[in-house]
1. What order, most packed first, do the peptides A:196-207, A:156-167 have when packing is the mean number of other Cβ atoms within 10 Å of each residue?
2. Run the numbers on chain A and let me know its relative contact order in percent, using alpha-carbon pairs under 8 Å that are six or more apart.
3. Might you tell me the accessible area per residue for the protein assembly as shown, computed with a 1.4 Å probe and given in Å²?
4. If you fit an axis through the alpha-carbon atoms of helix A:219-230 and take the longest principal axis of the Cα set of chain A, what angle between them do you get, 0 to 90°, nearest 10?
5. Give, rounded to the nearest 20 debye, the magnitude of the charge dipole that the range B:155-281 has about its Cα centre when Lys and Arg contribute +1 at Cβ and Asp and Glu contribute -1 at Cβ.
6. Sort A:171-177, B:17-23 for me by packing, meaning the mean count of neighbouring Cβ atoms within 10 Å per residue, highest on top.
7. Counting helices only, and only those DSSP H runs with n ≥ 4, report the 222 nm mean residue ellipticity of the protein assembly as shown as the sum of -39,500 (n - 2.57) divided by its residues, in deg cm²/dmol to the nearest 500.
8. Which angle from 0 to 90°, rounded to the nearest 10, does the C-alpha axis of helix B:34-43 make with the longest principal axis of chain B?
Amino acid sequence: MGYKLRFSQYNERSILVEWPANIDENMLHDVLNFKSIIELKSFKQIVDIISTYASLLMIYNSTIDNFNDEFSTLKVLYKSQDSKKLLKSKTFRIPVCYEDEFAMDLDNYSEAKNLSKAAIIKLHSETVYTVFFIGFLPGFLYLGGLNPILHFDRKETPNLNVKKGSVAIGGKQTGIYPQDSPGGWHIIGNSPLELFNPKQNPPCFIKAGDKVKFYPIAKSEYLRIQDDIKSSNFNIETL
Amino acid sequence: MMKVLKAGFYSTIQDQGRLGHRSYGVPVSGVMDAYSSEFANKLLGNKIEAAVLEMTMTGAELQCLKPTTIAISGAHMNPKLNGKVIEMFRSISVKPDDILSFGKLSNGFRTYVAVKGGFLSETVLGSRSMAKGITEAVRIQREDVLEFNLTGLLNPKHAKLKFNTSYLDDDVLAVTKGPEFDALTKAQQALLINQGFQVSKFNNRMAYQLLPLFNNNLKPILTAPVLPGTVQLTPSGQLIVLMRDCQTTGGYPRVLQLTEKSISCLSQKNTGNHLKISLKD
(Lines give C-alpha, C1' and ligand atoms only; values in the text may rest on other atoms or scores of the structure.)
Protein backbone atom coordinates (compact mmCIF):
# COMPACT_ATOMS: atom_id res chain seq x y z
CA MET A 1 0.00 0.00 0.00
CA GLY A 2 3.07 2.22 0.22
CA TYR A 3 2.61 3.31 3.80
CA LYS A 4 3.35 2.01 7.25
CA LEU A 5 0.89 1.78 10.08
CA ARG A 6 1.73 3.06 13.53
CA PHE A 7 0.56 0.97 16.48
CA SER A 8 0.55 2.64 19.89
CA GLN A 9 -0.90 2.42 23.35
CA TYR A 10 -3.65 5.02 23.86
CA ASN A 11 -4.62 4.24 27.45
CA GLU A 12 -4.54 1.20 29.74
CA ARG A 13 -7.02 -0.69 27.63
CA SER A 14 -6.96 0.69 24.15
CA ILE A 15 -4.76 0.55 21.09
CA LEU A 16 -4.52 3.19 18.39
CA VAL A 17 -3.60 2.26 14.83
CA GLU A 18 -2.73 5.20 12.62
CA TRP A 19 -2.42 5.49 8.86
CA PRO A 20 -0.83 8.59 7.27
CA ALA A 21 -3.16 11.53 8.02
CA ASN A 22 -4.93 11.84 4.67
CA ILE A 23 -8.48 11.90 3.45
CA ASP A 24 -8.35 9.21 0.82
CA GLU A 25 -10.97 6.72 -0.24
CA ASN A 26 -8.55 3.85 -0.90
CA MET A 27 -7.04 4.33 2.50
CA LEU A 28 -10.51 4.45 4.05
CA HIS A 29 -11.14 1.03 2.55
CA ASP A 30 -7.94 -0.24 4.12
CA VAL A 31 -9.00 1.18 7.51
CA LEU A 32 -12.49 -0.32 7.28
CA ASN A 33 -11.23 -3.64 5.94
CA PHE A 34 -8.95 -3.98 8.93
CA LYS A 35 -11.84 -3.04 11.20
CA SER A 36 -14.11 -5.67 9.71
CA ILE A 37 -11.41 -8.35 9.93
CA ILE A 38 -11.02 -7.59 13.62
CA GLU A 39 -14.78 -7.73 14.04
CA LEU A 40 -15.00 -10.99 12.10
CA LYS A 41 -12.30 -12.57 14.24
CA SER A 42 -14.51 -11.43 17.12
CA PHE A 43 -11.82 -10.75 19.63
CA LYS A 44 -13.92 -11.15 22.74
CA GLN A 45 -11.82 -8.67 24.63
CA ILE A 46 -12.40 -5.83 22.15
CA VAL A 47 -15.62 -4.11 23.22
CA ASP A 48 -15.62 -1.10 20.91
CA ILE A 49 -13.85 0.20 17.81
CA ILE A 50 -13.79 3.79 16.62
CA SER A 51 -12.76 4.42 13.03
CA THR A 52 -11.99 7.82 11.48
CA TYR A 53 -10.28 9.00 8.26
CA ALA A 54 -6.95 7.44 9.11
CA SER A 55 -7.19 5.74 12.51
CA LEU A 56 -8.68 2.83 14.33
CA LEU A 57 -9.03 2.91 18.10
CA MET A 58 -9.70 -0.46 19.68
CA ILE A 59 -11.06 -0.51 23.20
CA TYR A 60 -10.56 -3.65 25.28
CA ASN A 61 -12.72 -4.75 28.19
CA SER A 62 -9.83 -4.79 30.63
CA THR A 63 -6.28 -3.59 31.09
CA ILE A 64 -3.86 -4.86 28.45
CA ASP A 65 -0.94 -6.61 30.13
CA ASN A 66 1.44 -6.74 27.24
CA PHE A 67 0.96 -4.20 24.49
CA ASN A 68 3.75 -5.58 22.32
CA ASP A 69 2.07 -8.99 22.18
CA GLU A 70 -1.17 -7.35 21.23
CA PHE A 71 0.51 -5.22 18.54
CA SER A 72 2.09 -8.37 17.05
CA THR A 73 -1.25 -10.17 16.93
CA LEU A 74 -2.88 -7.22 15.20
CA LYS A 75 0.02 -6.76 12.75
CA VAL A 76 -0.15 -10.40 11.71
CA LEU A 77 -3.87 -10.04 11.22
CA TYR A 78 -3.41 -6.90 9.12
CA LYS A 79 -0.80 -8.54 6.89
CA SER A 80 -2.83 -11.71 6.47
CA GLN A 81 -5.78 -9.93 4.94
CA ASP A 82 -6.16 -10.96 1.33
CA SER A 83 -6.79 -8.52 -1.46
CA LYS A 84 -10.45 -9.30 -1.84
CA LYS A 85 -12.60 -6.61 -0.34
CA LEU A 86 -14.61 -7.64 2.67
CA LEU A 87 -16.37 -4.35 2.57
CA LYS A 88 -19.91 -4.26 1.29
CA SER A 89 -21.14 -0.77 0.79
CA LYS A 90 -24.58 0.54 -0.04
CA THR A 91 -25.59 3.81 -1.64
CA PHE A 92 -28.55 5.46 0.08
CA ARG A 93 -30.79 8.09 -1.52
CA ILE A 94 -31.55 10.80 1.01
CA PRO A 95 -34.45 13.21 0.37
CA VAL A 96 -33.76 16.88 1.13
CA CYS A 97 -36.23 19.74 1.00
CA TYR A 98 -34.26 22.82 -0.06
CA GLU A 99 -37.29 25.16 0.13
CA ASP A 100 -36.81 28.48 1.93
CA GLU A 101 -38.65 27.38 5.05
CA PHE A 102 -35.98 24.70 5.69
CA ALA A 103 -33.02 26.58 4.23
CA MET A 104 -32.46 29.55 6.48
CA ASP A 105 -28.97 30.29 5.13
CA LEU A 106 -29.47 29.52 1.46
CA ASP A 107 -30.18 33.16 0.47
CA ASN A 108 -27.02 34.46 2.13
CA TYR A 109 -24.98 31.56 0.82
CA SER A 110 -26.25 32.11 -2.70
CA GLU A 111 -25.39 35.80 -2.53
CA ALA A 112 -21.94 35.30 -0.97
CA LYS A 113 -20.98 32.60 -3.48
CA ASN A 114 -22.61 34.38 -6.41
CA LEU A 115 -24.41 31.18 -7.37
CA SER A 116 -28.13 30.81 -7.95
CA LYS A 117 -30.04 28.73 -5.44
CA ALA A 118 -30.94 26.30 -8.22
CA ALA A 119 -27.24 25.88 -9.09
CA ILE A 120 -26.35 25.22 -5.46
CA ILE A 121 -29.09 22.61 -5.13
CA LYS A 122 -28.00 20.94 -8.37
CA LEU A 123 -24.33 20.83 -7.36
CA HIS A 124 -25.16 19.62 -3.86
CA SER A 125 -27.50 16.83 -4.98
CA GLU A 126 -25.61 15.47 -7.99
CA THR A 127 -22.63 14.15 -6.03
CA VAL A 128 -22.36 10.66 -4.55
CA TYR A 129 -20.77 11.26 -1.17
CA THR A 130 -18.67 8.76 0.77
CA VAL A 131 -19.37 8.23 4.48
CA PHE A 132 -15.88 8.29 6.01
CA PHE A 133 -17.06 7.78 9.59
CA ILE A 134 -19.64 8.84 12.15
CA GLY A 135 -18.66 11.22 14.94
CA PHE A 136 -19.28 14.65 16.52
CA LEU A 137 -22.90 13.73 17.37
CA PRO A 138 -24.57 10.30 17.44
CA GLY A 139 -25.39 9.61 13.79
CA PHE A 140 -23.47 12.55 12.31
CA LEU A 141 -21.94 11.42 9.00
CA TYR A 142 -18.53 12.70 7.91
CA LEU A 143 -19.10 12.91 4.16
CA GLY A 144 -16.38 13.22 1.55
CA GLY A 145 -16.75 14.62 -1.92
CA LEU A 146 -18.32 18.08 -1.67
CA ASN A 147 -17.83 19.95 -4.95
CA PRO A 148 -15.08 22.61 -4.36
CA ILE A 149 -17.38 25.24 -5.91
CA LEU A 150 -19.57 24.83 -2.82
CA HIS A 151 -16.80 25.16 -0.20
CA PHE A 152 -17.67 27.97 2.19
CA ASP A 153 -16.11 28.99 5.52
CA ARG A 154 -18.13 28.25 8.64
CA LYS A 155 -20.07 31.03 10.32
CA GLU A 156 -18.10 33.19 12.70
CA THR A 157 -20.79 32.81 15.34
CA PRO A 158 -22.41 29.39 15.57
CA ASN A 159 -26.19 29.01 15.84
CA LEU A 160 -27.23 27.88 19.28
CA ASN A 161 -29.96 25.65 17.97
CA VAL A 162 -29.72 24.01 14.57
CA LYS A 163 -32.83 21.91 13.95
CA LYS A 164 -32.66 18.14 13.63
CA GLY A 165 -32.46 17.08 9.98
CA SER A 166 -30.74 20.29 8.85
CA VAL A 167 -28.54 19.78 5.82
CA ALA A 168 -25.63 22.17 5.89
CA ILE A 169 -22.29 23.16 4.40
CA GLY A 170 -19.25 24.12 6.49
CA GLY A 171 -15.81 24.59 5.01
CA LYS A 172 -15.11 21.66 2.68
CA GLN A 173 -17.82 19.50 4.21
CA THR A 174 -21.51 18.87 4.03
CA GLY A 175 -23.59 17.02 6.57
CA ILE A 176 -26.93 16.38 8.23
CA TYR A 177 -27.60 17.26 11.87
CA PRO A 178 -29.09 14.07 13.38
CA GLN A 179 -30.49 15.95 16.39
CA ASP A 180 -31.05 19.55 17.55
CA SER A 181 -27.62 20.93 18.36
CA PRO A 182 -25.50 24.06 18.20
CA GLY A 183 -23.66 24.35 14.89
CA GLY A 184 -21.72 26.78 12.73
CA TRP A 185 -22.51 25.48 9.26
CA HIS A 186 -24.73 27.13 6.64
CA ILE A 187 -28.13 25.48 6.52
CA ILE A 188 -29.38 24.86 2.99
CA GLY A 189 -32.15 22.31 3.56
CA ASN A 190 -33.63 19.63 5.77
CA SER A 191 -34.09 15.90 5.46
CA PRO A 192 -37.14 14.18 7.00
CA LEU A 193 -35.19 10.94 7.55
CA GLU A 194 -34.31 9.67 11.01
CA LEU A 195 -30.56 9.21 10.74
CA PHE A 196 -30.14 8.11 14.31
CA ASN A 197 -32.60 6.07 16.31
CA PRO A 198 -31.33 4.97 19.72
CA LYS A 199 -34.30 2.59 20.02
CA GLN A 200 -32.85 0.50 17.19
CA ASN A 201 -29.70 -1.57 17.21
CA PRO A 202 -27.66 -0.57 15.31
CA PRO A 203 -28.93 2.96 15.84
CA CYS A 204 -27.94 4.10 12.31
CA PHE A 205 -28.87 2.39 9.07
CA ILE A 206 -25.84 4.02 7.42
CA LYS A 207 -22.30 3.06 8.36
CA ALA A 208 -18.78 4.12 7.53
CA GLY A 209 -17.89 3.13 3.97
CA ASP A 210 -21.45 3.54 2.65
CA LYS A 211 -22.37 6.24 0.14
CA VAL A 212 -25.18 8.76 0.07
CA LYS A 213 -26.78 10.85 -2.63
CA PHE A 214 -29.21 13.65 -1.88
CA TYR A 215 -32.30 14.29 -3.97
CA PRO A 216 -34.49 17.40 -3.81
CA ILE A 217 -38.09 17.08 -2.70
CA ALA A 218 -40.97 19.54 -2.33
CA LYS A 219 -42.41 20.40 1.06
CA SER A 220 -45.51 18.27 0.36
CA GLU A 221 -43.31 15.24 -0.16
CA TYR A 222 -41.29 16.12 2.93
CA LEU A 223 -44.48 16.00 5.01
CA ARG A 224 -45.60 12.77 3.38
CA ILE A 225 -42.26 11.07 4.12
CA GLN A 226 -42.42 12.34 7.69
CA ASP A 227 -45.85 10.73 8.10
CA ASP A 228 -44.67 7.51 6.48
CA ILE A 229 -41.73 7.35 8.87
CA LYS A 230 -44.04 7.88 11.84
CA SER A 231 -46.23 5.00 10.73
CA SER A 232 -43.19 2.88 9.76
CA ASN A 233 -44.22 2.85 6.10
CA PHE A 234 -41.09 4.43 4.71
CA ASN A 235 -38.41 2.39 3.02
CA ILE A 236 -35.13 4.09 2.30
CA GLU A 237 -34.10 3.79 -1.34
CA THR A 238 -30.74 2.41 -2.34
CA LEU A 239 -29.01 2.77 -5.67
CA MET B 1 -39.04 2.59 44.41
CA MET B 2 -37.98 6.04 45.51
CA LYS B 3 -39.82 9.25 44.82
CA VAL B 4 -37.74 12.29 43.97
CA LEU B 5 -38.75 15.20 46.23
CA LYS B 6 -35.79 17.35 45.16
CA ALA B 7 -33.50 16.51 42.26
CA GLY B 8 -30.35 18.35 43.36
CA PHE B 9 -28.14 20.38 41.00
CA TYR B 10 -27.48 17.63 38.45
CA SER B 11 -28.45 14.06 39.24
CA THR B 12 -28.49 11.18 36.80
CA ILE B 13 -28.74 7.41 36.76
CA GLN B 14 -25.49 5.88 35.48
CA ASP B 15 -23.99 2.45 35.00
CA GLN B 16 -20.79 1.25 33.36
CA GLY B 17 -21.71 2.98 30.10
CA ARG B 18 -22.73 2.20 26.58
CA LEU B 19 -20.30 -0.18 24.91
CA GLY B 20 -20.17 -1.27 21.30
CA HIS B 21 -21.85 1.73 19.66
CA ARG B 22 -19.05 4.24 19.37
CA SER B 23 -18.71 3.63 15.63
CA TYR B 24 -22.14 5.32 15.36
CA GLY B 25 -20.94 8.31 17.38
CA VAL B 26 -22.63 7.20 20.59
CA PRO B 27 -20.81 8.51 23.69
CA VAL B 28 -19.88 5.86 26.23
CA SER B 29 -21.27 7.82 29.23
CA GLY B 30 -21.37 5.90 32.54
CA VAL B 31 -20.37 6.89 36.06
CA MET B 32 -17.90 9.78 36.24
CA ASP B 33 -16.14 8.38 39.31
CA ALA B 34 -15.90 4.66 38.68
CA TYR B 35 -13.98 4.05 41.92
CA SER B 36 -16.67 5.53 44.18
CA SER B 37 -19.61 3.98 42.40
CA GLU B 38 -18.03 0.55 42.33
CA PHE B 39 -17.38 0.83 46.02
CA ALA B 40 -21.04 1.55 46.77
CA ASN B 41 -22.13 -1.39 44.60
CA LYS B 42 -19.63 -3.73 46.25
CA LEU B 43 -20.88 -2.78 49.70
CA LEU B 44 -24.32 -4.04 48.73
CA GLY B 45 -23.09 -7.12 46.90
CA ASN B 46 -24.33 -5.69 43.62
CA LYS B 47 -22.83 -6.48 40.28
CA ILE B 48 -20.45 -3.82 39.02
CA GLU B 49 -22.94 -3.06 36.20
CA ALA B 50 -25.73 -2.13 38.62
CA ALA B 51 -26.98 1.39 37.93
CA VAL B 52 -26.44 4.01 40.62
CA LEU B 53 -27.62 7.55 41.24
CA GLU B 54 -24.87 10.11 40.56
CA MET B 55 -25.39 13.51 42.20
CA THR B 56 -23.24 16.53 41.40
CA MET B 57 -22.51 19.41 43.82
CA THR B 58 -25.82 19.23 45.69
CA GLY B 59 -27.74 16.14 46.67
CA ALA B 60 -31.28 15.02 45.98
CA GLU B 61 -34.09 14.41 48.45
CA LEU B 62 -35.68 11.01 48.07
CA GLN B 63 -38.68 9.37 49.68
CA CYS B 64 -38.41 5.61 49.93
CA LEU B 65 -41.50 3.72 48.85
CA LYS B 66 -40.28 0.14 49.30
CA PRO B 67 -37.92 -1.34 51.87
CA THR B 68 -34.37 -1.92 50.63
CA THR B 69 -30.72 -1.36 51.44
CA ILE B 70 -28.67 1.54 50.16
CA ALA B 71 -25.04 2.66 50.28
CA ILE B 72 -23.60 6.13 49.76
CA SER B 73 -20.08 6.85 48.57
CA GLY B 74 -17.96 9.48 46.85
CA ALA B 75 -18.16 13.15 47.82
CA HIS B 76 -19.29 13.94 51.36
CA MET B 77 -22.67 15.66 51.12
CA ASN B 78 -23.60 15.07 54.76
CA PRO B 79 -26.39 12.54 54.17
CA LYS B 80 -29.37 12.27 56.52
CA LEU B 81 -32.15 9.74 56.96
CA ASN B 82 -35.32 11.28 58.40
CA GLY B 83 -33.24 14.27 59.46
CA LYS B 84 -30.65 12.21 61.34
CA VAL B 85 -27.05 12.09 60.20
CA ILE B 86 -26.10 8.76 58.62
CA GLU B 87 -22.75 7.25 57.78
CA MET B 88 -21.35 6.99 54.32
CA PHE B 89 -19.50 3.95 52.98
CA ARG B 90 -21.72 1.35 54.66
CA SER B 91 -24.97 -0.40 53.87
CA ILE B 92 -28.09 1.12 55.40
CA SER B 93 -31.59 -0.35 55.57
CA VAL B 94 -34.42 1.94 54.56
CA LYS B 95 -38.17 1.45 54.87
CA PRO B 96 -41.23 3.05 53.28
CA ASP B 97 -41.66 6.76 54.01
CA ASP B 98 -38.03 7.20 55.07
CA ILE B 99 -36.63 10.43 53.65
CA LEU B 100 -33.05 10.44 52.41
CA SER B 101 -31.62 13.94 52.15
CA PHE B 102 -28.26 15.61 51.74
CA GLY B 103 -26.69 18.74 53.17
CA LYS B 104 -23.63 20.78 52.44
CA LEU B 105 -20.84 19.40 50.28
CA SER B 106 -17.75 19.09 52.48
CA ASN B 107 -15.31 17.39 50.12
CA GLY B 108 -15.31 16.00 46.58
CA PHE B 109 -17.93 16.89 43.96
CA ARG B 110 -20.00 13.80 43.09
CA THR B 111 -21.87 11.48 45.41
CA TYR B 112 -23.21 8.04 44.55
CA VAL B 113 -26.27 6.31 45.96
CA ALA B 114 -26.38 2.60 45.23
CA VAL B 115 -29.43 0.52 45.97
CA LYS B 116 -29.61 -3.23 46.45
CA GLY B 117 -29.92 -4.80 42.98
CA GLY B 118 -29.48 -1.46 41.21
CA PHE B 119 -31.77 1.23 39.80
CA LEU B 120 -33.92 0.31 36.81
CA SER B 121 -34.01 3.27 34.46
CA GLU B 122 -34.74 2.85 30.75
CA THR B 123 -32.16 0.67 28.99
CA VAL B 124 -31.06 2.09 25.64
CA LEU B 125 -28.33 0.44 23.55
CA GLY B 126 -27.35 -1.80 26.43
CA SER B 127 -27.02 0.81 29.15
CA ARG B 128 -29.16 2.64 31.69
CA SER B 129 -26.88 5.70 31.67
CA MET B 130 -28.87 8.85 31.05
CA ALA B 131 -27.44 10.79 28.11
CA LYS B 132 -28.66 13.67 25.96
CA GLY B 133 -29.84 12.55 22.55
CA ILE B 134 -29.88 8.89 23.63
CA THR B 135 -32.27 8.41 26.53
CA GLU B 136 -35.59 10.17 27.01
CA ALA B 137 -34.73 11.32 30.53
CA VAL B 138 -31.49 13.26 30.67
CA ARG B 139 -31.49 13.76 34.46
CA ILE B 140 -33.82 12.92 37.31
CA GLN B 141 -36.54 15.42 38.15
CA ARG B 142 -38.87 16.22 41.01
CA GLU B 143 -41.84 13.83 41.13
CA ASP B 144 -39.94 11.09 39.25
CA VAL B 145 -40.25 7.63 40.73
CA LEU B 146 -36.98 5.75 40.55
CA GLU B 147 -37.54 2.03 40.19
CA PHE B 148 -35.09 -0.46 41.55
CA ASN B 149 -34.54 -4.17 41.56
CA LEU B 150 -36.41 -5.94 44.33
CA THR B 151 -34.99 -9.38 43.71
CA GLY B 152 -32.34 -10.09 46.29
CA LEU B 153 -28.60 -9.94 46.48
CA LEU B 154 -26.44 -11.20 43.68
CA ASN B 155 -23.14 -11.58 45.47
CA PRO B 156 -22.05 -11.79 49.09
CA LYS B 157 -21.70 -8.46 50.89
CA HIS B 158 -18.33 -6.89 51.40
CA ALA B 159 -19.03 -5.26 54.74
CA LYS B 160 -15.37 -4.94 55.61
CA LEU B 161 -14.40 -2.86 52.60
CA LYS B 162 -12.66 0.38 53.41
CA PHE B 163 -13.06 3.49 51.28
CA ASN B 164 -9.94 5.52 50.70
CA THR B 165 -11.28 9.01 51.38
CA SER B 166 -7.89 10.66 50.78
CA TYR B 167 -8.67 9.86 47.18
CA LEU B 168 -11.26 12.66 47.18
CA ASP B 169 -8.63 15.25 48.07
CA ASP B 170 -5.91 13.85 45.82
CA ASP B 171 -4.78 16.58 43.42
CA VAL B 172 -2.35 14.63 41.23
CA LEU B 173 -3.54 13.33 37.87
CA ALA B 174 -1.54 10.45 36.45
CA VAL B 175 -1.26 10.79 32.67
CA THR B 176 0.45 9.18 29.72
CA LYS B 177 1.56 10.89 26.52
CA GLY B 178 -1.21 11.53 24.03
CA PRO B 179 -0.75 10.78 20.30
CA GLU B 180 0.26 14.41 19.59
CA PHE B 181 2.43 14.96 22.70
CA ASP B 182 5.58 14.84 20.59
CA ALA B 183 4.35 17.71 18.43
CA LEU B 184 5.05 20.03 21.39
CA THR B 185 8.56 21.41 21.85
CA LYS B 186 10.65 19.93 24.67
CA ALA B 187 10.17 23.15 26.64
CA GLN B 188 6.41 23.02 26.17
CA GLN B 189 6.33 19.35 27.19
CA ALA B 190 8.21 20.14 30.39
CA LEU B 191 5.94 23.08 31.16
CA LEU B 192 2.79 21.07 30.49
CA ILE B 193 3.88 18.44 32.98
CA ASN B 194 5.21 20.77 35.64
CA GLN B 195 3.25 23.98 35.76
CA GLY B 196 0.01 22.84 37.45
CA PHE B 197 -3.55 23.78 36.56
CA GLN B 198 -6.86 24.85 38.00
CA VAL B 199 -10.33 23.59 37.14
CA SER B 200 -12.21 26.30 35.21
CA LYS B 201 -15.92 26.96 35.67
CA PHE B 202 -16.55 25.07 32.43
CA ASN B 203 -16.71 21.56 33.81
CA ASN B 204 -19.40 18.97 33.29
CA ARG B 205 -19.94 15.36 32.30
CA MET B 206 -18.63 16.05 28.79
CA ALA B 207 -15.40 17.84 29.60
CA TYR B 208 -13.35 19.78 32.13
CA GLN B 209 -11.54 22.88 30.90
CA LEU B 210 -8.32 23.83 32.71
CA LEU B 211 -6.69 27.16 33.50
CA PRO B 212 -4.41 28.91 32.68
CA LEU B 213 -4.31 28.87 28.89
CA PHE B 214 -1.30 27.00 27.52
CA ASN B 215 0.68 28.85 24.86
CA ASN B 216 1.15 26.73 21.73
CA ASN B 217 1.11 26.80 17.97
CA LEU B 218 -0.19 23.32 17.25
CA LYS B 219 -2.47 23.04 14.25
CA PRO B 220 -5.75 21.13 14.34
CA ILE B 221 -5.38 17.46 13.39
CA LEU B 222 -7.34 15.41 10.89
CA THR B 223 -10.39 14.35 12.95
CA ALA B 224 -9.37 11.27 14.95
CA PRO B 225 -10.65 9.07 17.80
CA VAL B 226 -10.80 10.34 21.38
CA LEU B 227 -11.71 8.72 24.70
CA PRO B 228 -12.73 9.89 28.14
CA GLY B 229 -9.50 11.16 29.71
CA THR B 230 -8.08 12.53 26.46
CA VAL B 231 -6.58 16.00 26.98
CA GLN B 232 -7.07 18.17 23.90
CA LEU B 233 -5.18 21.41 23.30
CA THR B 234 -6.86 24.09 21.19
CA PRO B 235 -4.93 26.69 19.16
CA SER B 236 -6.09 29.35 21.65
CA GLY B 237 -4.35 27.38 24.41
CA GLN B 238 -7.39 25.86 26.06
CA LEU B 239 -6.72 22.47 27.64
CA ILE B 240 -9.86 20.34 27.52
CA VAL B 241 -10.03 17.08 29.44
CA LEU B 242 -12.73 14.92 27.89
CA MET B 243 -14.99 13.12 30.34
CA ARG B 244 -17.52 10.27 30.17
CA ASP B 245 -20.14 11.95 27.94
CA CYS B 246 -17.54 13.16 25.42
CA GLN B 247 -17.90 12.78 21.68
CA THR B 248 -16.11 9.87 20.02
CA THR B 249 -13.88 11.86 17.66
CA GLY B 250 -12.09 15.20 17.79
CA GLY B 251 -9.93 17.53 15.75
CA TYR B 252 -7.68 19.10 18.38
CA PRO B 253 -4.23 17.70 19.18
CA ARG B 254 -4.44 15.03 21.89
CA VAL B 255 -1.50 15.93 24.09
CA LEU B 256 -2.11 13.80 27.18
CA GLN B 257 -4.25 10.89 28.29
CA LEU B 258 -5.51 10.49 31.85
CA THR B 259 -5.41 7.03 33.41
CA GLU B 260 -8.78 5.49 34.31
CA LYS B 261 -8.12 6.23 37.98
CA SER B 262 -7.32 9.87 37.22
CA ILE B 263 -10.62 10.32 35.39
CA SER B 264 -12.36 9.27 38.59
CA CYS B 265 -10.12 11.60 40.58
CA LEU B 266 -10.78 14.59 38.30
CA SER B 267 -14.53 13.97 38.39
CA GLN B 268 -14.42 14.76 42.12
CA LYS B 269 -12.95 18.21 41.37
CA ASN B 270 -14.83 21.47 41.35
CA THR B 271 -14.30 24.95 39.90
CA GLY B 272 -11.10 26.50 41.26
CA ASN B 273 -9.49 23.26 42.50
CA HIS B 274 -5.75 22.97 41.83
CA LEU B 275 -4.25 20.04 39.95
CA LYS B 276 -0.79 18.65 39.32
CA ILE B 277 0.16 16.33 36.52
CA SER B 278 2.35 13.28 36.85
CA LEU B 279 3.61 11.68 33.65
CA LYS B 280 3.89 7.91 33.69
CA ASP B 281 6.27 6.37 31.18
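1. Details: A:196-207: 17.7, A:156-167: 15.5.
Going from most to least packed, we get A:196-207, A:156-167.
2. Values: 441 pairs, mean separation 49.3, N = 239.
Relative contact order comes out at 21 percent.
3. Working: 23300 Å² over 520 residues.
Spelled out: the 1.4 Å probe surface of the protein assembly as shown, per residue, equals 45 Å².
4. 40 degrees
5. Details: 14 positive and 8 negative charges, 63 e Å.
The dipole of the range B:155-281 has a size of about 300 debye.
6. Values: A:171-177: 20.0, B:17-23: 21.7.
The most tightly packed comes first, giving B:17-23, A:171-177.
7. Working: 9 runs with 91 residues, N = 520.
-5000 deg cm²/dmol, from helical runs alone.
8. 20 degrees
The values are calculated or read from the model by the stated rules, or taken from the named source; none is laboratory data. Bear in mind the structure is a predicted one, so any value in this text is a computation, not a measurement. All Cβ positions, glycine included, derive from the backbone under ideal geometry; neighbour counts span all protein chains shown. Please note that ligands, DNA and RNA were not included when accessible areas were found on the heavy atoms of the full protein model with its side chains. Shrake-Rupley method; radii C 1.70, N 1.55, O 1.52, S 1.80 Å.
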